[in-house]
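Only the coordinates and a few stated rules stand behind these numbers; no lab work does. Everything numeric here is computed off the predicted structure, so don't read it as measured data. So basically every Cβ, Gly included, is an ideal-geometry build from the backbone, and we count neighbours across all protein chains shown.
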Amino acid sequence: MAEKTSENLSQIERDAVKARTKELREQAKAGKNREAGAKQVQDAVAKLQGLDRQIAEAFVALVGDVAPDLMPKTYYGFPAYANAAGKVVVFYQPASKFKTRYGTISFDESAHLDDGDAWPVSYAVVAWTPEVEKKITQLVKTAVAAPA
């Protein structure tokens with residue numbers, strides 16, 4: 001467990017909040033500039049190593065192919081993609097960010113994955129295989145489909 005630096009937040013969490021504040025300022029300056037967002041995503045991926053980087057690169061390529069209308073941006077330093085309203089739809093959280101056992105590909109509330117009374121929105125990824133690629137491709141397609 002992360003050591004707490006204050007009553008409520010660990011140092012990792014405090015650093016994430018500071019990074020997010022900086023990220024939001026940069027995004028506000030860039031506006032809805034696709035190139036600026038793509039650069040932020042590329043920079044975020046370039047900071048990763050090993051399996052995190054491999055998965056992030058595959059994720060970025062997949063979303064670019066499957067959902068080219070989504071806007072690239074970062075979300076707490078994670079490679080992410082947002083809809084036209086600027087709401088994050090999908091993002092990759094690398095394992096190294098919070099020193100977890102696996103990275104996750106997660107879908108935010110603006111993703112249209114609704115399926116009954118309960119559905120998964122976060123997927124642990126420990127290897128980028130053809131099966132994983134197929135699964136994530138279908139999820140991204142569903143996430144960006146117009147709600148019923």
> For the pair Phe98 and Glu131, what calculated FRET efficiency results from E = 1/(1 + (r/R0)^6), where r is the Cβ-Cβ distance and R0 = 25 Å, to the nearest 0.05?
Replying inline: 0.45
>> Can you show me the helix-derived [θ] at 222 nm for the chain, built from DSSP H runs with n ≥ 4 at -39,500 (n - 2.57) apiece and divided by the number of residues, rounded to the nearest 500.
In response: -14500 deg cm²/dmol
> Want the number for Lys141 to Glu35: 0.36 nm per residue separation, take away the alpha-carbon distance, what's left?
Replying inline: 35.9 nm
